[in-house]
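The values are calculated or read from the model by the stated rules, or taken from the named source; none is laboratory data. Just so you know, these numbers come straight off a predicted model, no measurement behind them. All Cβ positions, glycine included, derive from the backbone under ideal geometry; neighbour counts span all protein chains shown. All accessible areas refer to the heavy atoms of the entire protein, side chains included, with ligands and DNA or RNA removed. Shrake-Rupley method; radii C 1.70, N 1.55, O 1.52, S 1.80 Å.
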Amino acid sequence: MEEPGQLKRAAIDATAGAIAGGISRTVTSPLDVIKIRFQVQIEPTSSWAMLRSNWSGTSKYTGMFQATKDIFREEGLAGFWRGNVPALLMVMPYTAIQFTVLHKFKTFAAGSSKTEDHVQLSPYLSYVSGALAGCAATVGSYPFDLLRTILASQGEPKVYPTMRSAFVDIVANRGFRGLYAGLSPTLVEIIPYAGLQFGTYDTFKRWSMAWNRYRAANSSLTDTENGLSSFQLFLCGLAAGTCAKLVCHPLDVVKKRFQIEGLPRHPRYGARVEHHAYRNMWHALRQILLLEGRAGLYKGIVPSTVKAAPAGAVTFVAYEYTSDWLESIWT
């Protein structure tokens with residue numbers, strides 16, 4: 001197949017990335033809402049944590065299944081897709097930018113724009129390319145990430161009925177800089193997260209291809225020697241998403257706290273994060289450790305991991321197939 005030109009290649013990567021991100025975000029939105037509710041709750045988020053810390057008060061959410069039942073009872077099925085519109089507005093340009101920049105970096109490093117040549121890059125270059133692509137995508141789509149977090153975390157009664165009302169209030173009270181609240185911990189988080197996600201994905205793909213070659217050599221099959229099945233791509237994305245999320249989750253908690261600083265919420269959702277509660281990222285980490293213990297940095301880790309694994313898998317599989325399809329009809 002003819003190798004596409006630079007503009008056409010960028011259009012393929014951006015379109016495939018946007019479609020993959022949109023599908024993945026919509027499918028995993030319920031888990032994301034539950035994760036955010038845990039992350040912004042100052043009180044303990046499990047019965048075990050309440051016992052260990054001798055907590056005498058009450059907590060709104062104390063487990064994944066309890067949170068699921070409460071959200072469904074109080075907000076209905078639509079509550080699990082709260083904030084999904086700004087989430088899509090965030091994730092579609094995010095993944096579009098991410099995959100486009102990633103392909104550019106890999107093309108530069110490999111000296112070729114062919115995907116099969118990119119798989120042969122060293123793991124180090126895969127990690128660096130993923131980290132740089134993640135940074136570029138984060139800066140380009142961050143205000144929508146902040147709006148998504150605010151809308152998903154507010155519960156009932158709603159403080160902001162629409163994305164527009166949230167945007168206007170943030171700009172009026174915090175200025176345009178308020179749209180980038182929490183950007184620093186996000187960038188610190190996204191460098192290892194995106195690097196691990198894309199680096200481990202490429203590593204698992206190389207291992208799977210090597211396994212296919214070994215199996216083909218032993219069974220005298222050559223037609224699928226280098227190709228990966230959709231199930232293998234799914235498993236590679238699953239493993240990559242899980243590894244990245246387990247390592248980087250504490251920084252995601254810190255980011256969410258910055259994003260909802262000063263957000264008024266109904267008292268039944270517990271104490272709110274006051275304005276200027278955290279001076280900077282390191283102060284936030286220390287305060288969470290001091291007041292909530294190490295468990296505080298891993299609030300929402302169960303729904304986060306449960307969500308990250310299929311989200312990574314769906315994103316990578318959708319991207320691979322959409323990219324191949326677009327390449328076949330545009331070249």
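Quick notes on this one:
- Selected residue (criterion: surrounded by the most Cβ atoms within 10 Å (Cβ to Cβ)) from residues of segment 260-308 that are touching a residue at least 40 places away in the same chain (Cβ under 8 Å), of a type in the set (Lys, Arg) and under 22 Å from LEU187 (Cα atoms): LYS299
- Residue within segment 150-170 that is open to solvent by 10 Å² or more (accessible area, probe 1.4 Å), aliphatic (A, V, I, L, M) and free of Cβ contacts under 8 Å to residues at least 60 places away in the same chain present: yes
- Residues that are charged (D, E, K, R) and closer than 16 Å to ALA308 by Cβ, drawn from segment 6-41: ARG25, ASP32, LYS35
- A Cβ distance below 9 Å, combined with a sequence gap of six or more or placement on separate chains, defines the contacts here; from segment 75-91, residues that are within 13 Å of ARG148 (Cα to Cα) and among the charged types (D, E, K, R) reach residues that are open to solvent by 10 Å² or more (accessible area, probe 1.4 Å) and assigned to a helix (DSSP H, G or I) in the pairs ARG82/GLU75; ARG82/LEU151.
- Within segment 119-137, tally of residues that are open to solvent by 10 Å² or more (accessible area, probe 1.4 Å), part of a helix (DSSP H, G or I) and in contact with an Asp or Glu (Cβ under 8 Å, 6 or more places away or on another chain): 1
- Picking from residues in segment 62-115 that are surrounded by 23 or more Cβ atoms within 10 Å (Cβ to Cβ) and of a type in the set (Phe, Trp, Tyr), the one that is nearest to the chain's Cα centre (by Cα) is TYR94.
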